[in-house]
Amino acid sequence: MKPAPFDYYAPTTVAEAVEKLAELGYGGKVLAGGQSLIPAMNYRMARPAALVDLGKVKDLAYIRPQADGSVAIGTMTRDTAVEQDEFIRKNFPIVAETVGYIAHKQIRNRGSFGGAIAHADPAAQIPALVILLDAKLKVLSTEGERWEDAVDFIIGPFMTTLEPQELLAEVLIPPLPAHCGCSYQQVSRQKGGYAQAAAIAKVVMDGEKVKDAQVVLFSVGETPIRTEQPNKVLAGVVPTAALIESVAEYVGANECDPGTDVHGTEEYRRNLVKVLVRRSLQNAIEQAKK
Ligand SMILES: Cc1cc2nc3c(=O)[nH]c(=O)nc-3n(C[C@H](O)[C@H](O)[C@H](O)COP(=O)(O)OP(=O)(O)OC[C@H]3O[C@@H](n4cnc5c(N)ncnc54)[C@H](O)[C@@H]3O)c2cc1C
C-alpha cells in the first residue's frame, strides 16, 4: 500500500517546526520516528495533508541529567539512545529495561521516546512507564510552552490533550526516591511482540514496611491504568505473600478492562494481570530492599 499524497516539510529548528504546525492547523501532522504513522498512512488509516518531520531538529534529541537528579529527555531521542544511555541505565534502570521490550532493535533505532507518548497506543510501553514515574511533559506551540502531568496527557486510545498545532518537546522524569525498586513484567506471544498484558511496578520501602506501592498496567484497557489497590493495601504494612496475592487478585478482577481478541479471552488476560501484578510487586520489593 502507498500513502495518499501529502506535502512534506523538514524544519531544522523548534521555532520553524511550531510555526509550520500553526500554519497547517488540522491538515498538519508531526512525523517523528515514523514507525507508527507511516504504516497508518500506508494503510490509509491516516491521511494527513502535510507532514512536519522532526528528524532534522537537533534541539529535540537529548538526554540531560538535571541538578536535582531528574532527567530531561528530548522528544526525538530514539528509543535505542535511551536504552543505552549510561546515566539512564545507572539512575533509571527501569526506563532502559522497559524501552528494551519495545518491538525489535531496528524499530527502536527509529522510534522516538516522545513519539510513543504522543501516539498513545494502549499497548505501548513508554506511556505507561512515564505515568508510573510521575513524569511531566513539555508541550510547545507558537503560543509558548505548557507543562502537563503524563497521567493527564493520555485521554483515550490514541488520544492525548495535544492540539494539532502543538508539539510534544520534552519528558521530565523526577529522581527515584531512596529504597525504591521497580519491575517490568509482560506476556507476549513472541519476543518483540506487543504485550497481551503488562505491569510495571514501583515500590518504596521504609525498613520492612512499604511506604508507597504503584503499579501501572497496559494492554488491558483503552489507556494505561494506574491502579489503586496496591498502595491502598500495602502502604504502611509489611508486604506478606498473602497480602500481595490478594492485591493481585483484586487488580485482575476490578482494575483492568481487557477485551477478548484472537490472541486471548478476557478471562485469560485478567488472569495474566493477576500474575503480572504479583510478580512485579514481589520483584520491586526485592529490588527496593537491596
Ligand atoms: C513492527 C512494529 C512493532 C512495534 N512494536 C511496538 C511495541 O511492542 N511497543 C510499542 O510501544 N511500540 C511498538 N511499535 C511502535 C513504535 O515503537 C513507534 O515508534 C512508536 O509508537 C511511535 O513513535 P515514532 O517516533 O515512530 O512516532 P511516529 O510514528 O512518527 O508518530 C506517531 C504519532 O505520534 C505523533 N507524534 C510523534 N511525535 C510527536 C511530537 N513530538 N509531538 C506531537 N506529535 C507527535 C505523530 O504525529 C503520529 O500521530 C511497533 C512498531 C512497528 C512498526
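Odds and ends about this structure:
- Residues in the range 62-82 that are in a loop (DSSP other than H, G, I, E, B) and of a type in the set (Asp, Glu): Asp68 alone.
- Number of positions in the range 90-105 that are assigned to a loop (DSSP other than H, G, I, E, B) and more than 9 Å from the ligand (Cβ to nearest atom): 2
- Single residue of the range 106-140 satisfying the filter (assigned to a strand (DSSP E or B) and open to solvent by less than 20 Å² (accessible area, probe 1.4 Å)) that is nearest to the ligand (Cβ to nearest atom): Ser112
- Exactly one residue out of Ala32, Ala67 is exposed (fewer than 14 other Cβ atoms within 10 Å of the Cβ) and small (Gly, Ala, Ser): that is Ala67.
- For the range 38-61, the tally of residues that are without any contact (Cβ under 8 Å) to a residue 60 or more places away in the chain and assigned to a helix (DSSP H, G or I) stands at 7.
- For the range 113-157, the set of residues classified as in contact (Cβ under 8 Å) with a residue 24 or more places away in the chain and of a type in the set (Gly, Ala, Ser) consists of Gly114, Gly115, Ala116, Ala118, Ala120, Ala123, Ala124, Ala128, Ala135, Ser141, Ala150, Gly156, listed by residue number.
- Among residues of the range 79-91 that are within 12 Å of Arg64 (Cα to Cα), those with a beta-carbon under 9 Å from a residue that is within 16 Å of the ligand (Cβ to nearest atom) and among the basic types (Lys, Arg) at least six positions away or on a different chain give the pairs Val82/Arg108.
- Pairs, first near the ligand (Cβ under 9 Å from one of its atoms) and among the charged types (D, E, K, R) in the range 158-186, second open to solvent by 40 Å² or more (accessible area, probe 1.4 Å) and not in a strand (DSSP E or B), C-beta under 9 Å, six or more apart: Glu166/Glu143
- Restricted to the range 141-155, and to residues there that are assigned to a strand (DSSP E or B) and more than 14 Å from the ligand (Cβ to nearest atom), the residue that is nearest to Gly25 (Cα to Cα) is Gly144.
The values are calculated or read from the model by the stated rules, or taken from the named source; none is laboratory data. Being a predicted model, the structure only gives us computed values, none of them experimental. Every residue, glycine as well, gets a Cβ built from its backbone with ideal geometry; the counts of neighbours run over all protein chains shown. With ligands, DNA and RNA removed, areas are computed over all heavy atoms of the protein, side chains included. Shrake-Rupley method; radii C 1.70, N 1.55, O 1.52, S 1.80 Å.
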